[in-house]
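Below is one structure, written out as structure tokens; the observations come after it.
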Amino acid sequence: MKSTEIRNKFFNFFVKNGHEKVASSSLIPAQDPTILFTNAGMNQFKDVLLGLEKRNYVRAVTIQKCMRAGGKHNDLDNVGFTKRHLTFFEMMGNFSFGDYFKKEAIAFAWEFITKELKLDVKYLYVTVFEKDDEAYDIWNKEIGVAKDKIYRLGAADNFWQMGDTGPCGPCSEIYYDRGLSFGCKQENCAPGCSCDRFMEFWNLVFMQFNRQANGELLNLKQQSIDTGMGFERICSILQNKDSVFEIDSFERIIKKIEELTQVKYTGQDNQTKAAFHVLADHIRACSFLIADGCSPSNEGRGYVLRKIIRRAALFEQKLTNISIFSELSQVVIDEMGELYPELVVNAKLIKSVLENEIEKFATNLIRGKNILEKYLSESKDKTITGEQAFKLYDTFGFPIEVTKLISSEKGFTVDEQGFESEMFKQQKQSGKKVTQELQDLELPENITTEFVGYKQTENTSEVVAVIPGGWIITKESPFFVETGGQVSDKGWIEINGKKSEILDLKKVNNNKAIAVKIDPSISLKVGDKITSIVDNNLRIDTMKNHTATHMLQAALIAILGKTVKQSGSVVHPDYLRFDFTFHRNLTNEEIKQVEDLINLKTRENIKVDVYQTNYKDALAKGVIAIFGEKYNPEKVRVVDMPGFSAELCGGTHVHATGEIGCFKIIEVSALSAGNRRIVALTGPKAIDLFQEDFNAIKQLSQEFKIKPEEVVETVLKYKEQLRELQLSLSKLKKQSWQSEINNWVSKVEEINGIPFLFLGLEGFESSDIKEMLTALMNKKPGFYFIISNLDSASVFISSISPNFAQKVNFKDFGLWLKEECSIKGGGKDILQGGGPRFDKSLEGKIKEWIKALK
């Protein structure tokens, strides 16, 4: 049965049974700090399961793209070496939100696999949580599964949770017996064994609890069902394949690897096949992550992506000496682009990011492997220390997984705990926060705040909560709290005619309330009336920048294409910053086109319409949903500039584009491969910039007695003349000191058995005195110290020829210069640096130091 048919059967079966078909969400969880990536179908329904959100359906069915390569759910080390593990995979799932529970979930699953997929019952086994008698009885007494095919397992196998906190509950898993040839040959081999005989392919989770940060299990408001069936696993069963890498979804990738490497997959040993498997899995993972807005970096999700790419680069070398990994991305796009259009839209970006990252790692891979080989040869206990593993990571960009992989192939282990300790030390030294968690204040559910700031910037309301530390919550508030890139408002509270500046703002109680921090010395109690006042000037400037940010994205898409996707933003009263995905630098002409288009739409004074609808209808109308934002599917807010821009947004905006005044880009930079940043100004700030630039140009035109439009050409002309003069001056200076070389050599004097010369000069650069040192050494080996004053500082260089090197410890000499002469320098064989302007006494001090050498 082909994978396409399996997909269709799954959706059709559950839609027929009253389930809403819901599209896969992004691999990047929307505003969920508890997980790195979407790792299960239930992620997008988390708030529904918690009872914090309601949908217009109580049953759902999805096929969700998932990643398990970081955090609690991490299969990265297993990929390539087992027949079932993947980093990227698709999860088929059906869900019930307070509707049906265990009995119906089990019945649906059994009917689908035995009637629709026609799996032979004799090969099917199930497991239940060891304490779940109810699930056991349903399987045995109602479904009719024999007792010898039902196994009770512990929490490690049959109690599911998404992260360290959140929805969880006991589960029941369905296994397929693949036969003795796949097993470990032990008599007690059964479901739950780590061998490949019994393949778990469907997990039915009975959501009953919400795990707290302290480990406590609280009952959910409603019992729900979350199931997850591995799409690739069920395909391998139905297609009678030994591993998930041999199903039809992987065929084209494997063939492409064969074509590019000239290595056949069939008939290879396990190590060679593992390389095929790693490349096939990792190219899918990387393509989907980049398409969803992730880019390589040294932290968080970006670091996981970097690890996957670099692991692929390592396995790539087992098949070929050329780089093929990025070439495989087009196969993924061709294979899955119809199901996931984001792959097609971001095709160029995906290839560009992969090429760039592989190229950056190629040189370090060779150097790093040489260092690792040295560590391996020097090790006496077949262990790579944590310090060594960290040096490979910090110096050569070797993820710990790469070091472990190379080491394990040689029979070595890596001290991972020591590596983490070194990582912690570096973070501490660099001032980075090792952990950063914002815990919601625990308040009664009825403590809420109505945000009235869309229409009001001043509001009088009663206090509904007073929290220690100077925090208060009011029934209504005009204060916007930072979200969606827009910074929080500034402002004041007024009590009995007295104003006090607000110190901070924070959303609490599952974002249902706005907490305002005020001077703790102000005494307030529940029921008091206060007036909240927004700094209106700052709010207006922020609104201009926020609307302009939407216009910027629309203009970039119009000029550069749909590859552009927002990856971050800051909306501040003084400026706007917009991060976006694009595979190359922007040209000056493209930057001008973006500015011109935005300013054109500003002059058109387009009315900014704000309205509410549901998520599905908004997307159907082409409204853009922003990466990383979380939306209520039943109620979203659209900010629409008809004919130009329409986005989902909760921020504050101007009423018409003309209020922005004008728009000017002041910075375009590259954050990483495939990720760009634009900084821009609007309104008064842009006008101020224009005025400053105008005044500067006017002053220059008057100074040079030329027309304003000739300023740039004239400055470039003078710059070239200056460069030529500097070259001429440099030649003259070189000729002058070269004529002095013989004279200087004649002044070399022997001190404590060492030929020594001190040269104190004026106006020579570091490059000049370095040439002087070389010329002197060629004429007469010895110990030289050359220093030159440059304005208010000095630069110096010092070296000693090898035949006298044993007499002078340059490390000691450098420390002495620093402590006694306030001159700092570094280097092993050549000491160079600088300090304040030197005086004549320096020569005598250095000679006395040499005389004191033993």
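Fully extended, how many nm does the chain gain between Gln212 and Asn140 (0.36 nm per residue separation, minus their Cα-Cα distance)? Intermediate results must be reported in sequence, preceding the final value.
On the way: separation 72, 0.36 × 72 = 25.92 nm, distance 3.33 nm.
Result for the pair: 22.6 nm of gain on full extension.
So, R0 is 45 Å and r is the distance between the beta-carbons of Thr82 and Thr363; what FRET efficiency does that work out to, to 0.05?
On the way: r = 32 Å, r/R0 = 0.71.
Once the sixth-power term is evaluated, E becomes 0.90.
Go through region 263-278 residue by residue and turn each phi into a ³J(HN,Hα) via Karplus (6.51, -1.76, 1.60, θ = phi - 60°); whole Hz please, and just put x for glycine and proline.
Per residue, the Karplus-derived 3J(HN,Hα) values read 10, 7, 6, 5, x, 7, 6, 4, 5, 5, 4, 4, 5, 4, 4, 4 Hz.
Lys/Arg Cβ at +1, Asp/Glu Cβ at -1, dipole of region 475-614 taken about the Cα centre: which of Gln486, Ala515, Thr563 is farthest positive-ward?
The residue sitting most towards the positive pole is Ala515.
Against the longest principal axis of the chain, how steep is helix 683-704, in degrees 0 to 90 to the nearest 10, with axes from Cα atoms?
Approximately 20 degrees, to the nearest ten.
Quick one: plug the Kirkwood hydrodynamic radius of region 482-600 (C-alpha pairs) into Stokes-Einstein at 20 °C, 1.002 mPa s, and report D in µm²/s. Numbers along the way, then the final one.
Details: Rh = 17.1 Å.
In µm²/s, the coefficient is 125.
In what sequence, highest mean first, do 346-358, 189-201, 53-65, 362-374 appear when ranked by Cβ atoms within 10 angstrom?
Working: 346-358: 22.3, 189-201: 18.2, 53-65: 19.8, 362-374: 14.6.
Per-residue mean Cβ counts within 10 Å order the peptides as 346-358, 53-65, 189-201, 362-374.
What's the magnitude of the charge dipole for the chain around its Cα centre, counting Lys and Arg as +1 and Asp and Glu as -1 at the beta-carbon? Answer in Debye, nearest 20.
Working: 112 positive and 116 negative charges, 258 e Å.
So the magnitude is around 1240 debye.
Residue-wise, which Karplus ³J(HN,Hα) couplings in Hz belong to region 365-376, taking 6.51 cos²θ - 1.76 cosθ + 1.60, θ = phi - 60°, and x for glycine or proline?
5, 5, 5, x, 5, 5, 5, 4, 4, 5, 4, 5
Run the accessible area of region 300-427 with a 1.4 Å probe and give the carbon-and-sulfur part as a rounded percent.
Values: 2820 of 5900 Å².
Solvent-exposed carbon and sulfur of region 300-427 make up 48 percent of the total.
Suppose R0 equals 56 Å; then what is the FRET efficiency for Glu130 and Ser408 from their Cβ-Cβ distance, rounded to the nearest 0.05?
0.95
Based on the inverse mean of 1/r over its pairs of different Cα atoms, what is the Kirkwood hydrodynamic radius of the chain, in Å? Don't skip to the end; give the middle numbers.
Numbers: mean 1/r = 0.0307 Å⁻¹.
About 32.5 Å, per the Kirkwood formula over Cα pairs.
Put +1 on the Cβ of every Lys and Arg and -1 on every Asp and Glu Cβ in region 553-701; which of Leu648, Ala686, Val610 then has its Cα farthest towards the positive end of the dipole?
After comparing all options, I get Leu648.
Report, to the nearest 10°, how far helix 536-560 tilts away from the longest principal axis of the Cα atoms in the chain, using its own Cα long axis and a range of 0 to 90°.
Tilt relative to the chain: about 80 degrees.
Once you charge only the Cβ atoms, +1 for Lys and Arg and -1 for Asp and Glu, what is the size of the charge dipole of region 754-854 about its Cα centre, to the nearest 20 debye?
Values: 14 positive and 12 negative charges, 95 e Å.
Charge dipole of region 754-854: 460 debye, to the nearest 20.
Given the pairs Lys185/Lys410; Lys307/Lys380; Lys770/Lys828; Lys256/Lys562; Lys475/Lys544, which span a C-alpha to C-alpha distance of over 20 angstrom in this model? Write down the numbers at each step before the final one.
Details: Lys185/Lys410 28 Å; Lys307/Lys380 29 Å; Lys770/Lys828 15 Å; Lys256/Lys562 27 Å; Lys475/Lys544 28 Å.
Too far apart for the 20 Å limit: Lys185/Lys410; Lys307/Lys380; Lys256/Lys562; Lys475/Lys544.
Per residue, how many Å² of accessible area does the chain show with a 1.4 Å probe?
48
Would you calculate a helix-derived [θ] at 222 nm for the chain, using -39,500 (n - 2.57) for each DSSP H run of n ≥ 4 and dividing by the full residue count, to the nearest 500? Write down the numbers at each step before the final one.
Working: 24 runs with 318 residues, N = 854.
Roughly -12000 deg cm²/dmol at 222 nm, from the helical runs in the chain.
Mind checking which lysines have their C-alpha under 17 Å from Lys616, skipping anything on the same chain fewer than 8 residues away?
Lys21, Lys54, Lys630, Lys635
How large is Rg over Rh for region 744-807, taking Rg from the Cα atoms and Rh as the Kirkwood inverse mean of 1/r across Cα pairs? Don't skip to the answer; put the middle values down first.
Details: Rg = 11.9 Å, Rh = 12.1 Å.
We get a ratio of 0.99 for region 744-807.
For region 751-854, I need the span (max minus min coordinate) of the C-alpha atoms along each principal axis, in Å, sorted largest to smallest.
Reported extents, whole Å, longest axis first: 36, 29, 23.
Please tell me which of these pairs span more than 19 angstrom C-alpha to C-alpha: Lys811/Lys854; Lys221/Lys506; Lys455/Lys490? Don't jump to the answer; show the numbers that get you there.
On the way: Lys811/Lys854 16 Å; Lys221/Lys506 26 Å; Lys455/Lys490 17 Å.
In this structure, Lys221/Lys506 lie more than 19 Å apart at Cα.
So which lysines pass the test for Lys425, namely a Cα distance under 19 Å, with those fewer than 8 places away in the same chain ruled out?
Once the sequence-local lysines are set aside, what remains near Lys425 is Lys391, Lys433.
Express the carbon and sulfur contribution to the solvent-accessible surface of region 1-64 as a percent, rounded to the nearest whole number, probe 1.4 angstrom.
On the way: 1320 of 2640 Å².
Carbon plus sulfur share of accessible area: 50 percent.
Can you order the peptides 515-522, 88-95 by their average number of other Cβ atoms within 10 Å per residue, highest first?
Values: 515-522: 15.6, 88-95: 24.9.
The densest-packed peptide leads the list: 88-95, 515-522.
Per residue, how much space in cubic angstrom lies within the convex hull of the C-alpha atoms of region 313-425?
Working: hull volume 15.2 nm³, N = 113.
Cα convex hull per residue, to the nearest whole number: 135 Å³.
Can you tell me how much longer the chain between Gln735 and Gln612 gets when fully stretched, taken as 0.36 nm per residue apart minus their C-alpha distance, in nm with one decimal?
Details: separation 123, 0.36 × 123 = 44.28 nm, distance 7.74 nm.
Length difference between fully extended and current span is 36.5 nm.
Please list log₁₀ I(q)/I(0) at q = 0.16, 0.21, 0.26 Å⁻¹ for region 598-644, using the Debye equation with identical point scatterers on the alpha-carbon positions.
Scattering profile of region 598-644, log10 relative to I(0): -0.50, -0.76, -0.97.
Provide the per-residue ³J(HN,Hα) series for region 402-412, in order, calculated from phi with Karplus coefficients 6.51, -1.76, 1.60 and θ = phi - 60°, each as a whole number of Hz, with x at glycine and proline positions.
So the Karplus estimates, Gly and Pro as x, are 5, 4, 4, 5, 4, 5, 5, 5, 9, x, 9 Hz.
Taking only Cα atoms, what is the 0 to 90° angle, nearest 10, from helix 766-779's long axis to the longest principal axis of the chain?
Roughly 60 degrees between the two axes.
The values are calculated or read from the model by the stated rules, or taken from the named source; none is laboratory data. The model shown is predicted, which means the values in this text are computed figures rather than measured ones. So basically every Cβ, Gly included, is an ideal-geometry build from the backbone, and we count neighbours across all protein chains shown. For the accessible areas, the whole protein counts, side chains as well, though only heavy atoms, and no ligand, DNA or RNA atoms are used. Shrake-Rupley method; radii C 1.70, N 1.55, O 1.52, S 1.80 Å.
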